[in-house]
Structure formats: structure tokens, C-alpha cells
Amino acid sequence: MHPRRWFDSSQPQTLQIAVILQYLNSVIAVVMVVFGAYPLWFLLLVAEGIAAYGIANELKWGYWTGVVASGLYLGLSLLAFFLGQGVGLLSLLISGALFALLVHPLSRGYERVWFH
């Protein structure tokens with residue numbers, strides 16, 4: 001059994017960047033809770049942090065948790081942006097980039113072959 005890690009530099013660059021963005025989103029979730037954000041946003045961002053740890057350890061459930069959580073977060077961000085609920089354009093672009101990195105063919109191919 002290999003040791004657990006927070007980041008795996010041997011993974012493709014798309015997954016490495018996605019893991020970093022998911023960890024950053026989780027830190028932002030903690031800050032959002034301090035300032036009174038919505039609980040659903042907090043839960044999705046915490047799920048992204050858990051998914052980042054799973055991806056770094058090449059676990060299938062981590063990858064799929066990341067895809068689902070980032071997809072839901074992107075959908076909610078789009079909805080909030082178009083309804084004028086205070087989601088900035090930068091946040092929307094980052095959530096879109098995160099989802100794109102996770103579903104990129106390079107990430108999908110690596111997940112199919114190496115994740116367990």
C-alpha cells in the first residue's frame with residue numbers, strides 16, 4: 001500500500017491544476033462560512049476538497065466526487081451570475097476552468113487507466 005499524499009506530481013498537468021483549484025475552493029469555502037455564505041455552496045466546496053485528496057491518491061470515488069461537485073458548483077455559479085446574486089466573473093471562470101480540467105480527455109484517460 002502506497003502512502004497517502006495531498007498532491008501527486010506524477011499525474012497529468014490537467015489533474016494537478018484541478019487538485020490545486022479544488023483545494024483553493026475549499027479554503028474559500030471556509031472564508032465564506034466566516035462571512036455568512038449559503039450552506040449549499042459551503043458543502044459543495046468542502047466536497048471539492050475531499051475530492052482533491054481522493055484525486056491526489058488516485059481513487060475513482062475522488063475523481064467522480066470532483067466532477068459532480070465542480071459541475072454542480074459551476075451550474076449554481078452560472079445561475080447566480082445571471083440572476084445577479086453577487087457571483088463575480090472571475091469566480092465563474094475559475095469554476096468553469098476547474099470543470100473543464102476534470103473532464104478533459106487527458107484527465108479522463110489517466111483516470112480510466114490508473115485510478116482504483
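Being in contact with a Gly (Cβ under 9 Å, 6 or more places away or on another chain) and among the aliphatic types (A, V, I, L, M) is the filter; apply it to the range 1-29 and report the residue that is nearest to GLY71 (Cα to Cα). Applying the filter and picking the extreme gives ALA18.
Give me a count of the residues in the range 71-91 that are in a helix (DSSP H, G or I) and under 18 Å from SER26 (Cβ atoms). Summing the residues that are in a helix (DSSP H, G or I) and under 18 Å from SER26 (Cβ atoms) in the range 71-91 gives 8. Taking the range 92-116 as the range and being polar (S, T, N, Q) and farther than 17 Å from ALA47 by Cα as the test, only SER107 passes. Number of residues in the range 54-64 that are surrounded by 21 or more Cβ atoms within 10 Å (Cβ to Cβ) and out of contact with any Gly (no Cβ under 6 Å at 6 or more places or on another chain) equals 2.
Among residues of the range 1-26 that are within 13 Å of GLU111 (Cα to Cα), those with a Cβ under 8 angstrom from a residue that is surrounded by fewer than 14 Cβ atoms within 10 Å (Cβ to Cβ) and of a type in the set (S, T, N, Q), sequence gap 6+ or separate chain, pair up as GLN16/SER9.
Could you tell me which numbered condition VAL68 fails, if it satisfies all but one of (1) part of a helix (DSSP H, G or I); (2) on the phi > 0 side of the Ramachandran plot? All conditions pass for VAL68, except number (2). Of all the residues in the range 59-94, those that are modelled with pLDDT of 90 or more and of a type in the set (Ser, Thr, Tyr) number 3. Which numbered condition trips up LEU83, out of (1) surrounded by fewer than 16 Cβ atoms within 10 Å (Cβ to Cβ); (2) touching a Gly at 6+ places or on another chain (Cβ under 7 Å)? The failed condition is (2). Of all residues in the range 65-110, those satisfying the criterion of being without any contact (Cβ under 8 Å) to a residue 12 or more places away in the chain, closer than 25 Å to GLN11 by Cα and not aliphatic (A, V, I, L, M) are PRO105, ARG108, GLY109. For ALA29, the conditions (1) buried (at least 16 other Cβ atoms within 10 Å of the Cβ); (2) modelled with pLDDT of 90 or more; (3) assigned to a helix (DSSP H, G or I); (4) over 10 Å from the mean Cα position of the chain (by Cα) all hold with the exception of (2). Just one residue in the set LEU101, LEU106, LEU45 is buried (at least 19 other Cβ atoms within 10 Å of the Cβ), out of contact with any Gly (no Cβ under 9 Å at 6 or more places or on another chain), modelled with pLDDT of 90 or more and part of a helix (DSSP H, G or I); that residue is LEU101.
The values are calculated or read from the model by the stated rules, or taken from the named source; none is laboratory data. Computed from a predicted structure; not experimentally measured. For neighbour counting, all protein chains shown are included, and Cβ atoms are generated from backbone atoms with ideal geometry for every residue, glycine included.
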